[in-house]
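Asker: One structure is given below, represented as structure tokens, and several questions about it will come after.
The values are calculated or read from the model by the stated rules, or taken from the named source; none is laboratory data. None of the values given here were measured: they were computed from a predicted structure. Every residue, glycine among them, receives a Cβ derived from its backbone with ideal geometry; neighbour counts consider all protein chains shown. Heavy atoms of the whole protein, side chains included, go into the accessibility calculation; ligands, DNA and RNA do not. Shrake-Rupley method; radii C 1.70, N 1.55, O 1.52, S 1.80 Å.
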Amino acid sequence: MTTHGDSATQADAPTVAARTGSTDAGEDRPATTGDDSLPAALADLRAAIGAARFPLALPSAEPARRAAGSLTDQLDDYLLPRLRRLDAPLLVVVGGSTGAGKSTLVNSLVQARVSAAGVLRPTTRSPVLVCSPADSGWFRQGELLPGLTRTNEPSEDPHTLQLVTAPALPPGLAFLDAPDIDSVVDANRALAGQLLAAADLWLFVTTAARYADAVPWELLRSARARGAVIAMVLDRVPPEAADEIAAHLSEMLAAQDLGAAPLFVLPETSVDGQGLLPDRVTAPLSAWFARLAADADARAAVVRQTLDGALAALRPAVEGLADAADEQVTAADALDERVRAAYRGAHRAVEQGLKDGRLLRGEVLARWQEFVGTGEFFRTLEARIGRLRDRVVAAVTGRPAPAAELREAIESQLVTLLRGVAAEAAENAYTGWKAHPAGAALLEPGLAHPAGDLPERAERLVREWQRGVLELVRVEGGDRRFVARTAAYAVNATGLAVMIAVFASTAFVPTGLEVATGAGTTVAAQTVLQALFGDQAVRTLAAKARADLLDRVRALLDDEAARYLARTAEARPAPDTAEALRRAGNGVEMARHRSGLADADAARLPGTEGGGS
């Protein structure tokens, strides 16, 4: 660890990857790692991240969206363009807290007033990139930070990048003055993070008054996690406290595994007429950067270490996105299941209603009694069933009866049941979603109730089912002399008897409840049908009619459930999102190792003394 007031001692920076050979800044060096699989793997990852969606309102969703945006920016801004040109100038991003003196320091290092500095905060509203005239072509091409519009003039637009050339700055090295990392302007903070992720080397500037602030340390830990090369500047330090403050900051850096980062301490001083720091204050830092600019090996080492660190950090970040994508699918499945459970319950309620005799009460019972005979007839029918079978058949087949009233009563009873179970299912589904954070965000008040046209659809369902029962009777009895002899009236009457039988327990075995409820209605229907078709045919007719009704009810309730399911279908990410992310992340990791970046020999940065490393 080094400190610097008016003098400096030596320390080494973190180890970095293999040397690419010593060349001058203007000479050509390999533009890539020599392995085309790494850019291809990064392109695949870029596509997988771009396709990932996190629409459901889960705790992990917003962090995942931010992480996806940051990864996309890093791929576009730094990793892909840097891999294409490893020999491009070394980019030093100067970041730090509000009022730390970043712009003044950059101006002083390049010996020109290139970045605005002042007392108003925040000062740097759009980033300023300073490079040697010999390197300006690389930065004007827009491969690095392609989302920022290049300009030659100062701008208030954070989406612009002002390019300035400084003859005093040697080729091979560029400084980027970033907005404050703790700016009160949200866009400035976001841009500062984006720029730092595009840095080959992070130069963090803090002050004696603010070096322990939380925000810079959060970013420093992030830099350490991604293996970035870091240098520290402790600015505006009272000379009498320089040793004490520098020692404390060194301890803090060591505690965060950043003890190898070079530390430069700049004393509190006044700027000159041009707003620049005195040469004697900046000389050690200027000399350090001059040696770095002159040493192609050292620059390549910095690039390769930061590049490899950024690549290594991709896999856990992508795994986090994949986990968030899994949570989205799991949440969508859970929401769908709550809806399906509510409507399965509604279907079971209809099934139970067809078994427990409740539909034989009231109007249906009265109309059935009118249809077949008098109330007194039903009260005595069970005891006289064998003797009176012929009379019952004659009653059904030989005279007109109020069939229309009975059909209407059956329809009304069924529609009432369907409306009730649909309303209960909608309420249960609404309550289930409301209790889930992702579901609550998808709800609208109308979902708490059945669709507005449900009554009409329920009435249509029952009428179509009734017609289906008549057709069933016609088909099942098509080869019987009975149907041929009695024609339409017999089919009508028999169909109504089948409908009544469907309202009782399976296979017309009357329970005590049914007999008590229907006053013998089930037995009467069974007697009529058995007289016409025989016992086995009766069972077959009833089973088919009941199954047909339940199928139609299921379709009706599925349509109701679809109002909910359509919302999760729209919000649901592709089922293979997590798999695609993990596959792409693994592909990058494999390509990284094949490239040799992860296994290269170590090299050392220049030390902080004037005499070299």
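Asker: For region 577-597, give me each residue that is of a type in the set (D, E, K, R), farther than 12 Å from I49 by Cα and out of contact with any Leu (no Cβ under 6 Å at 6 or more places or on another chain).
Answerer: E589, R594
Asker: Separate question: Please specify each residue of region 209-218 satisfying the condition of being without any contact (Cβ under 8 Å) to a residue 60 or more places away in the chain and open to solvent by 30 Å² or more (accessible area, probe 1.4 Å).
Answerer: A209, Y211, A212, A214, E218
Asker: So which residues in region 219-248 are out of contact with any strand residue (DSSP E or B) (no Cβ under 6 Å at 6 or more places or on another chain), more than 20 Å from A312 (Cβ to Cβ) and either assigned to a helix (DSSP H, G or I) or in contact (Cβ under 8 Å) with a residue 40 or more places away in the chain (or both), if there are any at all? Walk me through it before giving the result.
Answerer: Of all residues in region 219-248, those out of contact with any strand residue (DSSP E or B) (no Cβ under 6 Å at 6 or more places or on another chain) come to 219-222, 224-227, 238, 240-241, 243-244, 247-248.
From what is left, the residues that are more than 20 Å from A312 (Cβ to Cβ) are 238, 240-241, 243-244, 247-248.
Listed by number, the residues that qualify are E240, A241, D243, E244, A247, H248.
Asker: Inspect all residues belonging to region 298-306 and state whether any of them is of a type outside the set (F, W, Y) and either surrounded by fewer than 20 Cβ atoms within 10 Å (Cβ to Cβ) or within 28 Å of the chain's Cα centre (by Cα) (or both).
Answerer: Taking every residue of region 298-306 in turn, none turns out to be of a type outside the set (F, W, Y) and either surrounded by fewer than 20 Cβ atoms within 10 Å (Cβ to Cβ) or within 28 Å of the chain's Cα centre (by Cα) (or both).
Asker: Could you please tell me which pairs satisfy a Cβ distance under 8 Å, a separation of 6+ or placement on different chains, a first residue in region 451-477 that is closer than 15 Å to V498 by Cα and open to solvent by less than 70 Å² (accessible area, probe 1.4 Å), and a second residue that is in a helix (DSSP H, G or I) and among the aromatic types (F, W, Y)?
Answerer: Pairs that qualify, where the first residue is closer than 15 Å to V498 by Cα and open to solvent by less than 70 Å² (accessible area, probe 1.4 Å) and the partner is in a helix (DSSP H, G or I) and among the aromatic types (F, W, Y), are E476/F533; G477/F533.
Asker: Being of a type in the set (A, V, I, L, M) and assigned to a strand (DSSP E or B) is the filter here, so list the residues in region 264-286 that pass it.
Answerer: If the condition is that a residue be of a type in the set (A, V, I, L, M) and assigned to a strand (DSSP E or B), then V265, L266 are the ones that fit.
Asker: Please work out which one of (1) modelled with pLDDT under 95; (2) assigned to a helix (DSSP H, G or I) is the condition G386 fails and give its number.
Answerer: (2)
Asker: Select from region 264-290 the residues that are of a type in the set (G, A, S), open to solvent by 30 Å² or more (accessible area, probe 1.4 Å) and under 49 Å from the mean Cα position of the chain (by Cα) and list them in ascending order.
Answerer: S286, A287, A290, listed by residue number.
Asker: Would you call A261 surrounded by 15 or more Cβ atoms within 10 Å (Cβ to Cβ), outside any strand (DSSP E or B) and modelled with pLDDT of 85 or more?
Answerer: So A261 passes the test.
Asker: For region 1-94, please list each of the helices (runs of 4 or more DSSP H) lying entirely inside it that holds at least 1 residues being open to solvent by less than 50 Å² (accessible area, probe 1.4 Å), at pLDDT 95 or above and among the small types (G, A, S).
Answerer: In region 1-94, 37-51, 61-74 are the helices (runs of 4 or more DSSP H) which contain 1 or more residues that are open to solvent by less than 50 Å² (accessible area, probe 1.4 Å), at pLDDT 95 or above and among the small types (G, A, S).
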